Amino acid sequence: MNVANLQLEGLYLAVAAINDLLVRKGVVSREDVDLALRRAEQTALGDYRTEELSPAERDAVALAARILAAANNGVGDGFVPPFSELARQVGRTKDSFPDQA
């Protein structure tokens, strides 16, 4: 596996842990975090360049927001699920793009 991918996995988990800490400290609500991540996903997918990307490449653009949203919704007692579990959840719940058959 590419070392950069492993670094990104660690970064996603670190950001997810920070998001959870902010929620637990009462700085933001889980709903606020979820809304921000959904907006980030839509911004990424709405970028003009995505018209030139394959469905797999568009999924890659949206992955960070989707992983963090899954973590936000799956956190329990301050425990962020492992990356592999979050990735499976994203894969099971993501929508197809209109040009995917």
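Sorting 7-15, 61-69 by their mean Cβ neighbour count within 10 Å, with the most densely packed peptide first, gives 61-69, 7-15. Dividing the summed helix terms, -39500 (n - 2.57) for each DSSP H run of n ≥ 4, by the number of residues in the chain produces a 222 nm estimate of -23500 deg cm²/dmol to the nearest 500. Only the Cβ atoms of Lys and Arg (+1) and of Asp and Glu (-1) were treated as charged; on that basis the dipole of the chain about its Cα centre amounts to roughly 280 debye. In terms of the Cα gyration tensor, with a ≥ b ≥ c the square roots of its eigenvalues, is the range 3-60 rounded because a/c is under 1.5, prolate because a/b exceeds b/c, or oblate? Oblate, since a/c reaches 1.5 and b/c is not below a/b.
Take the Cα atoms of the chain, build their convex hull, and give its volume per residue in Å³.
Values: hull volume 11.0 nm³, N = 101.
Convex hull volume per residue, Cα atoms: 109 Å³.
Each reported figure results from applying straightforward, stated rules to the coordinates on display, with no laboratory input. Keep in mind the model is a prediction, meaning the values are calculated, not measured. Cβ coordinates were reconstructed from backbone atoms using ideal geometry, including for glycine residues, and neighbour counts include every protein chain displayed.
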